[in-house]
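Heads up, the thing below is written out as structure tokens.
The values are calculated or read from the model by the stated rules, or taken from the named source; none is laboratory data. Here the structure is a predicted model, which means the values were calculated and not measured. We place every Cβ from the backbone using ideal geometry, glycine too, and count neighbours over all the protein chains shown. The area values use the complete protein model at the heavy-atom level, side chains included, leaving out ligands, DNA and RNA. Shrake-Rupley method; radii C 1.70, N 1.55, O 1.52, S 1.80 Å.
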Amino acid sequence: MRYWWVNQNQTYRHEIDGGYLWSPKKNKNQARNQFYENMREVSPGDLIFSFKDTRIAAIGIAESYCYESPKPVEFGTAGSYWENIGWKVKVRFTPLANSIRPKDHIALLLPFLPKKYSPLQPNGNGLQSVYLAHVNSDLASELINLIGAEVSPLLDAAQTVQPIAADDLDFSELQIESEIYLDPAIRETEKLALVRARLGQGIFKERVRKIETRCRVTGVDNPVHLIASHCKPWRDASNEERLDGENGLLLTPSIDHLFDRGFIGFENNGQLIISPVAHRPSLQRMGIDINSTTNVGAFTQGQKSFLDFHRESVLLQVRAI
DNA sequence: TGCTGCGCTTT
DNA sequence: AAAGCGCAGCA
């Protein structure tokens, strides 16, 4: 289990009631933001300290991994400068009776604050620049001690969390699909091709097959068992990119799932990347060698640019700068 | 609501 | 070095 700290002054009510965390992917100026990147490394069962009005007002238990999701409409004017597509994690929050004020205990906490990306200033005040900060286990123990007995049942609950799937991904894709159907500017044949491309079939798959011959991970080469998986996801791509053969890999269904949801990825040199949040035993049962490094071979120039997007925007891993 | 602040990234 | 940015804190 890992521990996190979330600043929720502006969105506390929405996120607590809605049972989620949401962040943009990038700053307004497209700069990288470590506190948004951290969303990608949350796992079901992680414990989240919710900070609001100078206090830790609630504790959350993550119930899903991170996934791409549109900005919640209920935010209204809060964070109006945030881009429309961001990261979401499902969380069950429990408000605290003893909502401690970290500043009152800063002498105790100070030794455990990290040098970088700390959620607190040395004087105990919060920081506007923080959204989701990592909390090391020493700091977490101190906070849990200060809050007291009401944390125990939450810690127990965290041990037995049943991970929830990212159900609103389907919803937003179906929304895009109906927009395609209604668009008079798209020919009927292309509409069909675009819809089939979402499922990794049709013209898109035929185009991918001109570049790829087998599942890079399992080696399966019978097209019956292969799905054309998008490197730049269908929901993020332009219509042209949705049908671009360079934007696809032929994968068996379980590998397609792992790649689509960011549990695995590929370096441009062909090296398989395994996300730190992935459940290793499951990956092994899906036929991935988790004990040694795997190289799946070279990619074309076009594939590399789509794989850049996948690592940057889908893979559940905080990348080095 | 607006003013000040700090830690971080980018130029 | 300097500017830009952000789920803070305070009046």
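Things to note:
- Between region A:200-276 and region A:100-118, the C-alpha centres lie 45 angstrom from each other.
- The alpha carbon convex hull volume per residue for region A:185-313 rounds to 98 Å³.
- Where chain A is the region considered: accessible area per residue in Å², 1.4 Å probe: 48 Å²
- Rh by Kirkwood over Cα pairs, then Stokes-Einstein D for chain A at 1.306 mPa s and 10 °C, µm²/s: 75 µm²/s
- Heavy-atom accessible surface of region A:227-297: percent carbon and sulfur, 1.4 Å: 44 percent
- Beta bridges per DSSP with both ends in chain A, % antiparallel, nearest 5: 85 percent
- For region A:31-167, the square roots of the Cα gyration tensor eigenvalues, ordered a ≥ b ≥ c, give a/c of at least 1.5 with a/b no greater than b/c, which places it in the oblate category.
- Computed over chain A, the per-residue total of -39500 (n - 2.57) for DSSP H runs of n ≥ 4 gives a 222 nm mean residue ellipticity of -8500 deg cm²/dmol, rounded to 500.
- More than 18 angstrom apart: percent of Cα pairs within region A:245-321: 36 percent
- As a rough guide to protection, the peptides A:37-46, A:101-110, A:292-301 ranked by mean Cβ packing within 10 Å, highest first, stand as A:37-46, A:101-110, A:292-301.
- For region A:170-234, fraction of C-alpha pairs farther apart than 14 Å, in %: 61 percent
- Packing here is the average count of other Cβ atoms within 10 Å per residue, and on that basis the peptides A:253-259, A:167-173, highest first, run A:253-259, A:167-173.
- Fraction of accessible area attributable to carbon and sulfur, region A:1-127 (%, probe 1.4 Å): 51 percent
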